[in-house]
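The values are calculated or read from the model by the stated rules, or taken from the named source; none is laboratory data. Quantities reported herein were computed from a predicted structural model and do not represent experimental measurements. Here the Cβ positions follow ideal geometry from the backbone for every residue, glycine too, while neighbour counts run over all protein chains shown.
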Amino acid sequence: MKEIITEIKNRIFKAAASCGRNPENIRIVAVTKTVPAERIRKAIESGIQIIGESYIQDAREKYPLLFSNDVSWHFIGHLQTNKAKYAVKMFDLIHTVDSYKLAVELDAQAKKINKIQQILIQVNIGKEKSKSGITEETTFDLLRKISGLNNLFIKGLMVIPPFFDDPERTRPYFADTKILRDRIKRFLDSEDIQNIRMDELSMGMSGDFEAAIEEGATLVRIGTGIFGERE
């Protein structure tokens with residue numbers, strides 16, 4: 001596994017170098033959906049520093065087995081409001097906030113444990129009915145609302161674009177996300193809005209992370225590329 005992860009890091013370095021970016025500003029989120037704790041531990045030993053879980057129940061089973069490792073835990077799946085209390089206890093960053101209702105519950109649960117929960121706003125950049133996320137048009141309104149919640153801090157955006165075999169067909173969606181991020185930055189500069197910084201763009205997966213990096217990704221979610229195909 002160490003060789004696989006080293007190769008992915010080399011590809012990240014080359015993609016960053018090709019567009020003049022610092023590769024240290026791009027981090028791998030190892031997507032550990034259905035991966036048992038022992039294999040995750042091997043990935044950590046091979047250099048993985050961020051674990052990305054998609055299901056709360058799976059995370060609750062693995063977290064006690066792995067929490068002593070020096071890694072960051074990110075939640076990257078669809079989060080139901082009634083699971084917010086578990087999410088804030090385990091995860092450093094939640095990538096998939098897509099409603100004010102969910103944000104309010106996360107804020108309330110974070111307040112109970114005296115935590116400022118870091119989150120990303122999930123944008124449905126491809127406007128696909130089958131995927132979660134808010135529209136570009138409603139992003140600014142949601143940001144303004146969430147900024148009033150004292151126990152949440154918005155770190156950036158997350159997208160899952162339409163799937164294509166050719167990463168060049170996915171690239172325009174990554175580019176549109178970066179444009180949206182830059183618009184939000186200008187919006188924040190012009191208004192006195194608290195609890196938001198647009199530092200992170202979570203986009204790109206095993207098949208297209210290089211294109212995502214070239215368009216500004218800071219967090220690339222890689223599962224198959226590390227652990228192979230899931231059953």
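Kindly check whether there is at least one residue in segment 192-210 that is surrounded by fewer than 21 Cβ atoms within 10 Å (Cβ to Cβ), among the hydroxyl-bearing types (Ser, Thr, Tyr) and at pLDDT 95 or above.
Yes, because at least one residue in segment 192-210 is surrounded by fewer than 21 Cβ atoms within 10 Å (Cβ to Cβ), among the hydroxyl-bearing types (Ser, Thr, Tyr) and at pLDDT 95 or above.
Looking at segment 46-70, which of the residues that are within 21 Å of Ile4 (Cα to Cα) and among the charged types (D, E, K, R) is surrounded by the fewest Cβ atoms within 10 Å (Cβ to Cβ)?
This residue is Asp70.
Given Gly228, Gly223, which one is of a type in the set (Gly, Ala, Ser), modelled with pLDDT of 95 or more and farther than 26 Å from Ser147 by Cα?
Gly223
Okay, residues lined up against (1) in a helix (DSSP H, G or I); (2) among the basic types (Lys, Arg); (3) closer than 25 Å to Thr170 by Cα:
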residue: Ala103; (1), (2), (3): yes, no, no
residue: Lys111; (1), (2), (3): yes, yes, no
residue: Gln118; (1), (2), (3): no, no, no
residue: Gln122; (1), (2), (3): no, no, yes
residue: Ile125; (1), (2), (3): no, no, yes
residue: Glu128; (1), (2), (3): no, no, yes
residue: Ser132; (1), (2), (3): no, no, yes
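Without any contact (Cβ under 8 Å) to a residue 60 or more places away in the chain, surrounded by fewer than 15 Cβ atoms within 10 Å (Cβ to Cβ) and not basic (Lys, Arg), is that true of Ala87?
Criteria not met by Ala87.
Among all residue pairs at least 6 apart or on different chains, which show Cβ distances below 7 Å where the first residue, located in segment 187-209, is part of a helix (DSSP H, G or I) and the second is of a type outside the set (A, V, I, L, M)?
Phe187/Phe140
Before we move on, is Gln122 surrounded by 13 or more Cβ atoms within 10 Å (Cβ to Cβ), within 24 Å of Ile51 (Cβ to Cβ) and either out of contact with any strand residue (DSSP E or B) (no Cβ under 6 Å at 6 or more places or on another chain) or not β-branched (Val, Ile, Thr) (or both)?
yes
Please pick out the residue among Lys9, Lys33 that is under 24 Å from Leu201 (Cβ atoms), part of a helix (DSSP H, G or I), under 19 Å from the mean Cα position of the chain (by Cα) and not aromatic (Phe, Trp, Tyr).
It is Lys9.
Only one of these is among the acidic types (Asp, Glu) and crowded, with 20+ Cβ neighbours inside 10 Å: Asp98, Asp182, Asp176, Asp141. Name it.
Asp98
Could you list, in sequence order, all residues of segment 89-136 that are acidic (Asp, Glu) and at pLDDT 95 or above?
Asp92, Asp98, Glu105, Asp107
Residues are listed down the side, and each one gets a yes or a no for (1) aliphatic (A, V, I, L, M); (2) in contact (Cβ under 8 Å) with a residue 60 or more places away in the chain; (3) under 19 Å from Val88 (Cβ atoms):
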site: Gln109; (1), (2), (3): no, no, yes
site: Gln117; (1), (2), (3): no, no, yes
site: Leu120; (1), (2), (3): yes, yes, yes
site: Phe140; (1), (2), (3): no, no, no
site: Phe153; (1), (2), (3): no, no, yes
site: Phe164; (1), (2), (3): no, no, no
site: Asp182; (1), (2), (3): no, no, no
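Is it the case, given these coordinates, that Ala84 is in contact with a Leu (Cβ under 9 Å, 6 or more places away or on another chain), closer than 20 Å to Lys33 by Cβ and of a type in the set (A, V, I, L, M, F, W, C)?
Yes; evaluated as a whole, the condition is true for this residue.
Would you mention how many residues in segment 143-171 are within 19 Å of Arg183 (Cβ to Cβ) and among the β-branched types (Val, Ile, Thr)?
The number of residues fulfilling the criteria is 3.
Which numbered condition in (1) surrounded by 20 or more Cβ atoms within 10 Å (Cβ to Cβ); (2) in a helix (DSSP H, G or I) is the only one that Leu149 fails?
For Leu149, the exception is condition (2).
Out of all the residues in segment 90-107, which are without any contact (Cβ under 8 Å) to a residue 40 or more places away in the chain, within 21 Å of Val159 (Cα to Cα) and aliphatic (A, V, I, L, M)?
Of everything in segment 90-107, those that are without any contact (Cβ under 8 Å) to a residue 40 or more places away in the chain, within 21 Å of Val159 (Cα to Cα) and aliphatic (A, V, I, L, M) turn out to be Ile94, Leu102.
Do you know which of the residues in segment 12-30 that are in a helix (DSSP H, G or I) and not aliphatic (A, V, I, L, M) is surrounded by the fewest Cβ atoms within 10 Å (Cβ to Cβ)?
The qualifying residue surrounded by the fewest Cβ atoms within 10 Å (Cβ to Cβ) is Glu24.
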